[in-house]
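Step one of this worksheet: look at the structure below.
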Amino acid sequence: MEQILYELNEEQRRAVQTIDGPLLILAGAGTGKTKTITTRLAYLIDLGVDPASILTLTFTNKAAKEMRDRAFALIGDHLPSQPLLCTFHKFGLLFLRRYIHKLGRDRNFVIIDTDDKKRIIKSFKTDLPLSVVATEISRYKNSLISPEEAVASAKLENFKEISRLYLEYQNYLSENNLVDFDDLLILTYRILEGDPDIALSVSREYNFIMVDEYQDTNDIQNRLLMKLCSSHDNICVVGDDDQSIYGWRGANINNILYFHEHFSNAKIIRLEKNYRSTRKILEAANRLIEHNRNRLGKHLEAVREEGADIEVLASRDEQEEAARIAEKIGRLIDRGEDPAKIAVLFRINALSRSIEEALTKARIPFQLVGAIRFYERAEIKDIISYLRIISNPRDEFSLKRVINRPKRGVGKVTYERLHSLALHEGIGIMELLLKLPEEEIVRVVGRKSGRSLKGFAYAIDLLHQKSLQGDLENFIDEFERLIGLREYYSHLPDGMERVLNIDEFYGLFRDHMREQRGSTLEEFLAEISLQSDQDQLDGKRVSIMSVHASKGLEFKHLFVIGMEEGFFPLTGDGCDIEEERRLGYVAITRAMDRLTLSYVRKRFYRGRRSSLEKSRFLGEAGLCKGSIKIERKSLFKKGDLVKHKLFGIGRVIGISRAGKEFKLSINFGGTVREILASFVERI
Ligand code: ATP
Ligand code: MG
């Protein structure tokens, strides 16, 4: 036992050994929060707690895997059972596979991604921007507002349209037995809420619950946790209010602030020693975050040495910036530094291109985390769609994507004909194609299409049967033989790279089936749909990624580019300066030894080259003289009527300071939104 606790300081030990009742570990960046709950997991198992009764929730699969490895390094991996370590979404998935029938749905549902979601919405014909509709639907769902309620309460034209789309979208999902990312949590919560017996029995299964990065949980996640604590209150959460960076996605900082109200008799332990960064880096981070009003306030001291000065790099434009950073990285690698310990961060994705080019030119191996992901490439989505239909022949969303790939002469009109015929018969299209004799199909869609569609249906059915038989190691070869997707792509003009990707995917599939014997097609599909940005890190190359994707990670050498007003902090519509500052804090605290913050005087963006001012964050962190004007008094007062470009007219019901600006709470026809004063005008 001593061995397990050996590396920890006093407060960390106390946190590990406090195992009864609710516990909040509240601490700044790099204080060993993740290390503490990993050790706590090992400690519980060492005490004799059944590993399977411990649930640890994290934000990425990679984090979950790393925590498992570290815990096992402390106690060995010969355990009587396995602890469950996963993301909230994965937990939802496992739960729904067991209980979704309680909502009258089938357990072989398919998970769709954001891109799929937008395609579905697009098929309902709307002039509103798809991403806005997708976000609003998500907002309704996460507020537990049903489509019917949304339709009934919508007053403004835009919201009437959005609520109509929401209704159509939900119907589409249940008709095709699809589940989107939000559903993984929301449906889980609905089942737990509607059936206290299930809540109780699941809660008894997991006697100990731990959550990392708690500051980024949203309402649903918190409610879920409360349900999981129906039979006990052994919940330990760790978080840092200064690192809450998902407000725009619904994360609710109140979960931390009111933890003691949600879970009564909660103990709080603070960790105050930062083991990650040199003193100079930590001081800059602390100075920056002190400019936020809305924070709990924490004491954070450096354990490490003073370290080197933080470098502030000023360049003429993005090309010079990228070239200089590439040169610096090149020098580090020449000196023997491990590329995996180096990272370049940016606030918005558009800034990555110049760095990518410069690193490519300098022949430095790198990986762009969170760019178009492998699984989102067209050819890979085709295979995934096929596998989804094979797994669930009712999935007509996937069917629509690939029914004509390879070409089978099925255009929009033919598809619609098949669709209405199937509807008329009260069955799915796949079932229809299988059931009807070939002559019948030929009569509906013509000779050529009819024949190939019949062949297609047979092939899918054969593969479906095969997928149920267990051993799937050779499945993908059989798949290619019957469907010929690789073959199809190899004849296209831009096919070469696509074929390479397909080969890679087939390889992945074989590996998965070999490594996890007995794994089903469904499990494979679920696993790849729950991949997140950080899961792509392979540990041999320099990482380039957004600040959001860098959460929880640490790098010996860190470069942050684009430290300019308008880029970091981002200052457009709906931006929250305090959240921007927290992002700045997250960025700086990823650095262990050396930190370079870089800005340019001119940057090419959205087709224009514009002059820029260096970021106010550099001044606030004490790294150079401040540059931005401070607004002292708000131009607005409570009761003012204001107009916003997107949300229309509303009334100011509250004013608060947001760093050096003002944030208004505005009531737009019943919906209250927080908006920076500079984004509305008084009327
Ligand atoms: P973040 O807020 O970024 O998620 P964190 O609080 O989770 O950070 P960890 O990632 O757990 O912090 O730890 C930061 C670094 O400090 C790691 O390299 C870890 O190994 C080291 N560390 C933590 N606690 C100790 C300790 N007691 N002694 C030595 N090193 C420690
Ligand atoms: Mg952490």
(message) If I stretch the segment between Leu94 and Arg279 completely, what's the gain in nm (0.36 nm per residue apart, minus their alpha carbon distance), one decimal?
(response) 62.3 nm
(request) List the trypsin sites (Lys or Arg not before Pro) within the range 289-332 that fall in a DSSP loop (any state other than H, G, I, E or B) and whose Cβ has at most 12 other Cβ atoms within 10 Å. (result) Arg293, Arg316
(request) Could you sort out which of Lys551/Lys645; Lys298/Lys551; Lys65/Lys466; Lys125/Lys400; Lys117/Lys412; Lys298/Lys637 sit more than 28 Å apart by Cα distance in this structure? (result) Lys551/Lys645; Lys65/Lys466; Lys298/Lys637
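How much length, in nm to one decimal, is gained on full extension between Arg657 and Arg70, taken as 0.36 nm per residue of separation minus their Cα-Cα distance? Don't skip to the end; give the middle numbers.
On the way: separation 587, 0.36 × 587 = 211.32 nm, distance 4.22 nm.
Length gained, Arg657 through Arg70: 207.1 nm.
Which three numbers, in whole Å and largest first, are the semi-axes of the equivalent ellipsoid of the range 641-682 derived from its Cα gyration tensor as √(5λ)? It would help to have the intermediate numbers written out before the result.
Working: eigenvalues 53, 23, 11 Å².
Sorted largest first and rounded, they come to 16, 11, 8 Å.
Please give the per residue accessible area of the range 376-467, computed with a probe of 1.4 Å over protein heavy atoms only, in Å².
Numbers: 4270 Å² over 92 residues.
Per-residue value: 46 Å².
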(message) What percentages make up the Cα-Cα pair-distance distribution of the range 113-176 when the bins are 10 Å wide from 0?
(response) 22, 62, 15, 0
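Work out the FRET efficiency for Arg510 and Asp317 from their Cβ-Cβ distance, taking R0 = 51 Å, and round it to the nearest 0.05. Each step should come with its number before you reach the end.
Values: r = 47 Å, r/R0 = 0.92.
Calculated transfer efficiency: 0.65.
Just to confirm a number: summing +1 for Lys and Arg and -1 for Asp and Glu over residues other than His262 whose beta-carbon lies under 13 angstrom from that of His262, what do you get?
Values: positive: Arg223, Lys227; negative: Asp219, Asp233, Glu261.
Local net charge: -1.
Accessible area, 1.4 Å probe, largest first: how do Val586, Val132 sort? List each step's numbers first, then the result.
Details: Val586 0, Val132 55 Å².
I get Val132, Val586, largest accessible area first.
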(request) Whenever you get a sec, compute what percent of the accessible area on the chain sits on carbon and sulfur atoms (1.4 Å probe). (result) 49 percent
(request) Please state, to two decimals, what the Cα-based radius of gyration of the range 296-340 comes to when divided by 2.2 N^0.38 Å (N = residues). (result) 1.68
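Based on the Cα coordinates of the chain, what is the per residue volume of their convex hull in Å³? Mind showing how you got there, number by number?
Details: hull volume 123.8 nm³, N = 683.
Looking at the chain, the number lands at 181 Å³ per residue.
Applying 1/(1 + (r/R0)^6) with R0 = 30 Å to the Cβ-Cβ distance of Glu205 and Lys267, what FRET efficiency is obtained, to the nearest 0.05? All intermediate terms of the calculation are to be shown ahead of the outcome.
Details: r = 24 Å, r/R0 = 0.81.
Efficiency computed from Cβ-Cβ geometry: 0.80.
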(message) Per residue, how much accessible surface does the range 113-176 expose to a 1.4 Å probe? Answer in Å², no decimals.
(response) 54 Å²
(message) To make sure I understand the rule: partners must be aspartates and glutamates, Cα under 12 Å from the Cα of Lys556, and not fewer than 8 residues away in the same chain. Which ones qualify?
(response) Glu337, Asp338, Asp593
(request) Show which aspartates and glutamates lie in cross-link reach of Lys62 when reach means a straight Cα distance below 16 angstrom and same-chain residues fewer than eight apart are skipped. (result) Asp212, Glu213, Glu527, Asp533, Asp535, Asp538, Glu554
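Percent antiparallel among DSSP beta bridges with both residues in the chain, to the nearest 5? Each step should come with its number before you reach the end.
Working: 27 of 73 bridges.
In the chain, approximately 35 percent of DSSP beta bridges are antiparallel ones.
Throw me the Rg/Rh for the range 151-230, computed over C-alpha atoms with Kirkwood Rh, two decimals. Show your work: numbers first, answer last.
Working: Rg = 16.2 Å, Rh = 14.9 Å.
Rounded to two decimals, Rg/Rh equals 1.09.
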(request) Quick one: divide the alpha-carbon radius of gyration of the range 379-493 by 2.2 N^0.38 Å and tell me what you get. (result) 1.04
(message) I'd like the trypsin sites (Lys or Arg not before Pro) in the range 130-219 restricted to DSSP loop residues with at most 13 other Cβ atoms within 10 Å, sorted by number.
(response) Lys155
(request) Filter the trypsin sites (Lys or Arg not before Pro) in the range 469-518 to those in DSSP coil with at most 12 other Cβ atoms within 10 Å of their Cβ, and list the result. (result) Arg517
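So if I average 1/r over every pair of distinct C-alpha atoms in the range 44-169 and take the inverse, what Kirkwood radius in Å does that give?
Numbers: mean 1/r = 0.0561 Å⁻¹.
Value: 17.8 Å, from the Cα pair sum.
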(request) Compute the acute angle (0 to 90°) between the alpha-carbon long axis of helix 279-289 and the principal axis of greatest extent of the alpha-carbon atoms of the chain; round to the nearest 10°. (result) 80 degrees
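The values are calculated or read from the model by the stated rules, or taken from the named source; none is laboratory data. Remember, it's a predicted structure, so these values are computed and weren't measured experimentally. Virtual Cβ from ideal backbone geometry, glycine too; neighbours counted across all protein chains shown. Only protein heavy atoms, including side chains, enter the accessible area calculation; ligands, DNA and RNA are left aside. Shrake-Rupley method; radii C 1.70, N 1.55, O 1.52, S 1.80 Å.
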